[in-house]
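Take a look at the structure set out below.
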Amino acid sequence: MKILMAASEAVPFAKTGGLADVVSALSLALAKLGHEVRIALPRYYSIDRGQLTQIEGPLGVPMGGREEWSAIYTTELPGSIKKNPVQVYFIDHEQFFGRDGIYGVPWEPDFLDNPRRFTFLSRAVFQLCRKLNWYPDVLHAHDWPTALVPVFLKYREKSEGFVNTVSALTIHNLGYQGIYNKDNFFYTNLGWDVFYNTGFDDWNMMNLLKAGLNSADKINTVSPNYARETQTQTHGFRLDGVLRYRSVDYTGILNGIDTEVWNPQSDKFIPANYSAGDMSGKAKVKAVLQKEFGLPVEPDIPLVGMVTRLTEQKGVGEVFGPAYGSAWSICRDMRIQFVLLGSGEAWCENEIKSLSSRLPNFKAQIGYSEKISHLIEAGSDFFLMPSRYEPSGLNQMYSLTYGTLPIVRNTGGLADTVQNFNQETGAGTGFMFDDLTPSAIYNTVGWAVWAYYNKRSQIEAMRLRGMKQNFSWESSAQQYIAMYEQALNTDALRQ
Ligand code: ADP
Ligand code: GLC
């Protein structure tokens, strides 16, 4: 099958969250299964042209009564297998992408011209295929930034080379929909009939994700449980109706993890490697982690870690909220150590700095670091992830793979990947709670700490159980193929 991923992020080129991990890892997994996969990305300012090969000739993209011109660069996706590499194409447009930031910068978190930038990207994908004279069977879009790809396919492009092409749209995060003033609809070159018939309209605004969800041949999200949750009012972010309406074509496919990068046996970021057969390396990593964060090196104090974007979705209010957050009492009342790596909302970064100056057993690094994230995943005893909602979540799967027990809220993909501890039988792979409240977090961390001190053999058995789970991409990639095949079959019948 020929598959084109249209995305706004992909590691190692551009990343704000798990979306970037997934676009690349899924592409590599599909290529391993023998499919021809290409990725279209913007050439953000931070991506060095010197490392890429330019494709000759400009690319013209019709937009709002004129044409936008860009250049195209390409390279192989790192990690590709030799005989079937994943080729990445970068759309280079100075005005739209020649600046710092992917979606925004701290002083302009959502660039004012984002609807225009991502309308451009979504339309450019089609021109790119024409230029390469390469037409995919499947156009696979991700989240609101490329949600217009299925719309353009359905209402503008489904002819000539694209006549047998189908579209898929993956929801990685329903909380971001790309809602903008409808004046921006002008840039799509589509008619107002499409605006009103396709679900662009959202209380007189323009909703890019909603239009995409109504237009794509198949839609999915990144775990089965989140697929169910999003069809309810509680988790639907006002699109539950659309998702229920599309339920026949809507599934949940759990993310995998990149086991080349996230594997305690071969991880290059950690000072000692280990496996379920020999856990001695984990203790060494814990000691280095404690040193790194300036904590006393004590093997028998439970160490709780967090690596996260500091944003409401991740439940950070309930942990770090001034005066009501649980971190203060957790660190004060319990004999533990707590380390955090994260960046995000300013209030939260400030609060974390203030806590770490007042609590001797709470240490944090504000920023982004691949290396420290591996060190925390490997060296901690517990990994805290109290998400408000979590489409899939990768960190809890990394934790399980590294023998670090996740403490998670029973929601989204967390519920699909973690089994709650049963202190009677010792079963389970982590600790779970239902309500997102500071006291639920406090109590559940307390429960884990109690088990650490009082049920140590059960804790060690849980670690090994988690490490034996298989979160590799292979089976998820097969489910994506099945979804593509269904779309292609339905489309063939329709024609
Ligand atoms: P989300 O995409 O919602 O942030 P995921 O769990 O799917 O959540 O993925 C988060 C990814 O981003 C993981 O790969 C995680 O390790 C990484 N990450 C988040 N914050 C940081 C940080 N400050 N430093 C390094 N990696 C981070
Ligand atoms: C989003 C979600 C996260 C998911 C990731 C990749 O950022 O918040 O749960 O793992 O996308 O699909």
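The values are calculated or read from the model by the stated rules, or taken from the named source; none is laboratory data. Keep in mind it's a predicted model, so treat the numbers as computed, not measured. Positions of Cβ are generated from backbone atoms using ideal geometry, with glycine treated the same way; all protein chains shown enter the neighbour counts.
Some observations on this one:
- Cβ-Cβ distances below 8 Å connect no pair with a first residue in segment 355-366 that is outside the structural domain of ILE301 (by TED's automatic domain parsing) and on the phi > 0 side of the Ramachandran plot, a second residue that is part of a strand (DSSP E or B) and surrounded by 19 or more Cβ atoms within 10 Å (Cβ to Cβ), and a separation of six or more residues or different chains.
- Strands (runs of 3 or more DSSP E) contained entirely in segment 243-344, each with at least 3 residues that are within 16 Å of ligand 1 (Cβ to nearest atom) and crowded, with 16+ Cβ neighbours inside 10 Å: 303-310, 337-344
- Those residues of segment 351-376 which are in a loop (DSSP other than H, G, I, E, B) and more than 16 Å from ligand 1 (Cβ to nearest atom), in sequence order: LEU359, PRO360, ASN361
- Here is the figure for segment 121-149: residues that are in a helix (DSSP H, G or I) and farther than 17 Å from LEU213 by Cβ total 11.
- Top-ranked residue in segment 361-405 [being of a type in the set (Val, Ile, Thr) and under 22 Å from GLU312 (Cβ atoms); ranked as farthest from ligand 2 (Cβ to nearest atom)]: ILE366
- Restricting ASN225, ASN220, ASN173 to those that are in a strand (DSSP E or B) and within 16 Å of ligand 1 (Cβ to nearest atom) reduces the list to ASN220.
- TRP192 being at pLDDT below 95, hydrophobic (A, V, I, L, M, F, W, C) and assigned by TED's automatic domain parsing to the domain that holds ALA7: no
- One residue from ALA415, ALA427 being assigned by TED's automatic domain parsing to the domain that holds ILE376, touching a residue at least 40 places away in the same chain (Cβ under 8 Å) and surrounded by fewer than 23 Cβ atoms within 10 Å (Cβ to Cβ): ALA415
- Residues in segment 237-276 that are under 14 Å from MET397 (Cβ atoms), at pLDDT below 95 and not hydrophobic (A, V, I, L, M, F, W, C): ASP258, THR259.
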